[in-house]
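Everything on this sheet refers to the single structure shown next.
The values are calculated or read from the model by the stated rules, or taken from the named source; none is laboratory data. What you see is a predicted model, and the numbers here were worked out from it, not measured in a lab. Backbone-built Cβ (ideal geometry, glycine too); neighbour counts: all protein chains shown. Only protein heavy atoms, including side chains, enter the accessible area calculation; ligands, DNA and RNA are left aside. Shrake-Rupley method; radii C 1.70, N 1.55, O 1.52, S 1.80 Å.
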Amino acid sequence: MADKTHILLVDDDPDILALLNHLLSEEGYVVTEAADGVNALNLFRSNRPDLVLLDANLPGLDGFSTCEGLINLAAPDVVPVIMVTALNDDNSVDRAFAAGAEEYVAKPINWAVLRQRIRLILERQHTLASLQKSEGQLRSVTDSTADAMISVDSNGAINFWNKGAQRVFGYGEAEIIGHSIKMLVPKELQRDFEDAFSQAVLTGQLRFPEQNIESIALNKSGETFPVAISVAIWKVSGSVSFSAVIRDISEHKQVMEGTALFDVHIIEQIMAIWSRVSGISLAHISFMHIRNLMETVFLAGLARQEDRPVLPKVSFIEQADAAKLPGVGMPLSFRRRHRFTVDTLAKLAGGFDPETTAIAVCIKESDPRMLEIWGVVVGRSELSEELDPQQRKQRDAGVLTVSSDRAGSLAIFWGDVVLARFHGGYFSEPEPGSFTSCLVGRTLFKAVESHIEYQNFGAAYWNWYRVLIERLLMAAGRGGHGGIVLWLPDEDDKQFRKSMVAKYMFTDGPDASDQINELCTQEDRREDKPKKKRKFQEPWGGDDSYESGHKLAEHVALLSHLTRLDGALVVSHRLRPLSFGAVLSAPQWWGKTVYCLDDTGTKTKKVDLAKYGTRHAAAVNFVSRHPGVVAFVISQDGPIAAIFNMNKDTVGWFPDFRNRI
């Protein structure tokens, strides 16, 4: 489908146009660009696209008016329009849908989310005819064991109940025959139901002429679920009776609402990796459980609570096992269990810190096909664990956890072992850390391998060094304020001052390499120290490892705070802050600047610097003059560009380096 699909891209920001054009083209779509509404309408008339990506803030004819014009031009056909805009207030959302938009995606653009929305909308267009045909067949179903078939007399008493009804609603025939149909209607809908039922009995006609009606039903467990109802009415000896075929359309709704995200081979791949890594039988959990777990976490990760992103983290663990497994954390059980749905998870996850807490789910006893939430497990923060050697040794790999640390992403863990990640629409098995495999990592490592600490501790030192850089970028990226982290391959910034104006300079500052050295030393001591029985065991193994880990966490927090001021944070190769608020003033670079589309830089694409702001341009100018320097440019909308000197003629640019962390 993608190789023949034409997308019209409308935005007045050349940067957005260039990035989305590249990403969409990589997916195989044919892309046409327009910088304003009038041009978009003209292009639409001459070459009608299959889908339109439309910004609301356009010069002249705004996006809402443009959307209305596009919808009118397409009529009576339907060409879906996705509004992509920084406006996220209620009024703008209402205007977008009132204008005929199919979807509304807020800036900053998350490519993983947008990519999935485009795919699902296009698939929905192609499958709409078959779905309508399926619904037509549902209306004529009169003898199906899969669907509920019910007959009701004029008093609302149930007098026929098939096995399909037992499966859908949970009641056996003996429990329900003779009881009121209102048992199957949620309380909030009962008044409307009573009015419609009474009117049908009096007139012999249904309130709604449609044969197929979508509504909400109530099962024996007190849970509501979406249904499609086909109703027939007839009279026998002057008495009105009704029959209904009721279908549980939960899965159908998931397809229509975009929740069926992951196909069979992806789930099977995850289960195969899990089985291989854990070495255990997966007989206790099914394919549908894994799919439900992943898709619910993914969709909850797209939600916002009180204008803040939801970062769900869910562990699959039986309640009875939570207190037994080491390293899981402290279990807290709810008084009653809750349905594992997107809405429930989004609300609960918004109240807990994913750094310390995971929502705990297990298989539902009354319906083994489903999962339910029984409580939470609370542990230490991921950062303190990662920077605490003792905790690293105690962490256990015995619980399946799925988390989303930003919209459009998933990470699947078995304990502390990464099974796979999902971002940008693709799953990947764990690979070597980004600083090890890509050109940026090689640039950093050239300086690190000269450290006396690396010569003493080797890979252990390099691993801690990478953790600090990764955590710094993640912390700075969460701030939403933008900035530059300038990494210098030197002890100070003397040789670089001709290319910058350093506003706030430090005479001295904490040296992260010294702190890593202390941590590595303490790890070695713990390995070498013979175990002795003590009457009193000191916390953290009787040494200062926890204190050293805490110092490193504080160092990350300090550096991330310094990125908030306008200008660049300048750090040495030993991660010592040299200055902050620095203005980069290197002469303009006239050579090549290229996007690195793979880790090795063999696949590149030219960057048009004229489309970027001063922050990115200043970073490019600086690194072009100073080989060995790496500039991490943090955009306000999230992406972190890693910019470095590839050679004397070329500056390299990873457009969203955070995806590699």
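General observations
- Backbone amide hydrogens, once placed in the peptide plane, bring residue 87 within less than 5 Å of 107, excluding anything fewer than 5 places away on its chain.
- Amide H contacts for residue 576 (H built 1.01 Å from N in the peptide plane; partners 5 or more residues away or on another chain; cut-off under 5 Å): 512.
- Along its three principal directions, the equivalent ellipsoid of region 1-130 from the Cα gyration tensor extends over semi-axes of 19, 17, 16 Å, largest first.
- Table column - 3J(HN,Hα) (Hz), region 488-493, Karplus curve with 6.51, -1.76, 1.60, x for Gly and Pro: 10, x, 8, 6, 9, 10
- Amide proton proximity set for residue 630, modelled H, under 5 Å, gap of 5+: 487
- Residue-wise HN-Hα coupling along region 102-113, computed from phi with Karplus coefficients 6.51, -1.76, 1.60 (Hz; x: Gly, Pro): 7, 9, 9, 10, 7, 7, x, 6, 9, 4, 4, 5
- Backbone phi angles across region 629-634, fed through the Karplus curve with coefficients 6.51, -1.76 and 1.60 (θ = phi - 60°), yield HN-Hα couplings of 7, 10, 10, 9, 9, 9 Hz in residue order; Gly and Pro are listed as x.
- Under the combined filter of DSSP loop state and at most 16 neighbouring Cβ atoms within 10 Å, region 481-518 retains these trypsin sites (Lys or Arg not before Pro): 503.
- Shown for region 63-112: the carbon plus sulfur share of the solvent-accessible area, taken with all protein chains present and a 1.4 angstrom probe, equals 48%.
- The accessible-area ordering, largest first, of the residues 81, 583, 113 stands as 583, 113, 81, per a 1.4 angstrom probe.
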